[in-house]
1. Examine segment 240-257 for a residue that is part of a loop (DSSP other than H, G, I, E, B) and not aliphatic (A, V, I, L, M), and state whether such a residue exists.
2. Quick check: is even one residue across segment 20-35 of a type in the set (Ser, Thr, Tyr), modelled with pLDDT of 80 or more and within 23 Å of MET453 (Cα to Cα)?
3. Filter segment 310-328 down to the residues that are over 21 Å from VAL255 (Cβ atoms) and assigned to a helix (DSSP H, G or I), then identify the one that is most open to solvent (accessible area, probe 1.4 Å).
4. Which residue pairs have Cβ atoms under 9 Å apart, sit 6 or more places apart or on different chains, and have a first residue in segment 162-188 that is at positive phi and a second that is open to solvent by 20 Å² or more (accessible area, probe 1.4 Å)?
5. Within segment 287-299, which residues are at pLDDT 80 or above and of a type outside the set (Phe, Trp, Tyr)?
6. For segment 268-309, which residues satisfy the criterion of being surrounded by fewer than 18 Cβ atoms within 10 Å (Cβ to Cβ) and in a loop (DSSP other than H, G, I, E, B)?
7. Just one of the numbered conditions (1) touching a residue at least 60 places away in the same chain (Cβ under 8 Å); (2) within 21 Å of the chain's Cα centre (by Cα) is not true of LYS248; which one?
8. With the requirement that a residue be over 13 Å from ILE585 (Cα atoms), open to solvent by 50 Å² or more (accessible area, probe 1.4 Å) and under 40 Å from the mean Cα position of the chain (by Cα), what does segment 359-378 give you?
Amino acid sequence: MAKKENLPNFCRRKTDRTIEVRITLTEDQANLLGKKNLVKSLKTKSVAVARRRAPGVVSELLEQINQSDDKGKNLSVEILQKRMLEWKIRKQTHCANLALSTGDLEDFKLPLFDIKEGWVETTSIVNGQNVVQYQPKKMFSHPKKVIREICSMNEDEIVSESAFTMLRQSVSETVAAVENFAKELKSGNPEAIEFASQLVRKKTKSVDSDVPYQSESAAAVTVTQAFDSWSDWHKREGKDEDTITSFKTNIDRFVSVFGDLPVANVTSADADKFVRLLEKCPARPPKSVREDMTFNELVDWNQEAGMNCLSAGTVRSAVSAMSAIFGKCVRDGTISKNPFRVPKVSKGKKANRKFFDERDLKKIFSMPYYTGSEPIPPGGKGPAALWLPILALLTGARQEEIAQLHHSDVKKVDGVWVISFQDVDEVSGEHYTLDDPESKRIKNSHGGDAAAMRLVPVSNRLIEIGFLDFVEKQRSSSVKRLFPEVKHNSKVIKGNKARNWSKWWGKYFREKTGITDPTKVFHSFRHTFRHEARQVGVLEDVIKELSGHENHDDYGYGRNIHGRRFDVDTLKREIDKIAFKKISISIPKT
């Protein structure tokens, strides 16, 4: 029998052997949070590391539970009953419009209110007479959905189980009141007709309009004011300002097309039109064009220019940004419907980046600063200009993964020199924060992609070029990072150190090599590594292990305690095959 592991409280192993924290919720907590368990991965397979990380994660999840309890209490029954009253008025106004517009109450038909599954007819005996009543079908099997719909509740608005129980009778009474009002109109009751006339004179929004219902106090809130409100909330939550800058770009685009409308006047048709314009917007227009044209003019210009448009992922991000801003308006009670939850983005095609062929590589590693005929330009940030392309070619690593390396990441494991790509501090075992100037990020590592955290042996070719000598030189400095000159600034995403350097390299490399194919970029080194590996007979599973791609076929079987399927000796033997022997690569002597 296998020995039972002594895991920390609330912890368990997943099928891929990584350890996660899982807290089972009570029924009330599950109703508040919309899930039965709270789960967060500890990003490790080591019990020792899990013991260090678990207390902080458990505290974080328990705090989330406490906050949800408070939120459930704050969204009181009184608030929802007020929303029911607004729903009743809108429905009664709809009845009044239908009845009074025909002028013939005899032909007025009882409206089937727009709870999707419709209504069922029931008959009951009252005072010895059969009385026909209508009830929404969903009330029988999905009462909570009816309450959410009538109360215009957003998905992230939560109510305790006891509150739902109290509201069920109120929903029945509200529906009955609207139904009785419609019947009184049909019967020609003078009081009902007079009340209907008053409702119509108030010009309350009709529920079948595409414009969401809103309170009079909310009618003046414009799109830019809604963004300012969201921005203030975002800052209070302690979130980064890069997201605010990104969202502001999309708000500016929207306002340039539709004007600074009241948010209540923005329809799903407007949202859909905005998405279609985004899909036609050029991804990288010339600066002179970008600065002189409005968003609409830019889209029109691109119809003739024919430049590559924004990717589907970028458009989806823009829609998510707008939806977040309008979603806050829904939560605040400014509007009852989020128009940006409707539009769908075309799937589009993923960028098809090519690998560098032999001629390309010879041109790249013959650029002036490699031959020593010219010094490294200031934008190259010293040794980064030399080593980032070499490391990308001979390790298959991503640009950002290389730029953020610490000299301590180059070390011996089982007697083999390796580069450790990970985003945790080796001493504390904790993930870096984005505000830390020494921070490191590995793609999707916080989203469960354990494969991106990996060890890549230093190949013989890298050693010949002088990489280990360079690392030893950097160890003697007072900084942690191999390329300290490559830094992020406050205008870009925190933690993304290579962004500005990448722009410089892309421009310099095209100018010096004459390679203009837009599908050949720095990331092409990664594709080149994988292509060469296949040509020299490296197994596909080994390629995935070296490049940090998840192998979805193995389900964790055969991996060792560190999550690796192959030991470093095997990886070293295979990566030594990927040597690009026909390409002359050297570091000029200084």
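The values are calculated or read from the model by the stated rules, or taken from the named source; none is laboratory data. In this text the structure is predicted, and so the values were computed from the model without any measurement. We place every Cβ from the backbone using ideal geometry, glycine too, and count neighbours over all the protein chains shown. Protein only, heavy atoms only, side chains kept; ligands, DNA and RNA dropped before computing areas. Shrake-Rupley method; radii C 1.70, N 1.55, O 1.52, S 1.80 Å.
1. Yes, there is a match, as at least one residue in segment 240-257 is part of a loop (DSSP other than H, G, I, E, B) and not aliphatic (A, V, I, L, M).
2. no
3. The selected residue is GLY313.
4. GLY188/LEU105; GLY188/GLU106
5. MET293, THR294, ASN296, GLU297, LEU298, VAL299
6. Those that are surrounded by fewer than 18 Cβ atoms within 10 Å (Cβ to Cβ) and in a loop (DSSP other than H, G, I, E, B): ALA283, ARG284, PRO285, PRO286, MET293, THR294, GLY306, MET307, ASN308.
7. LYS248 satisfies all of (1) touching a residue at least 60 places away in the same chain (Cβ under 8 Å); (2) within 21 Å of the chain's Cα centre (by Cα) except (1).
8. Within segment 359-378, ARG359, ILE376, PRO378 qualify.
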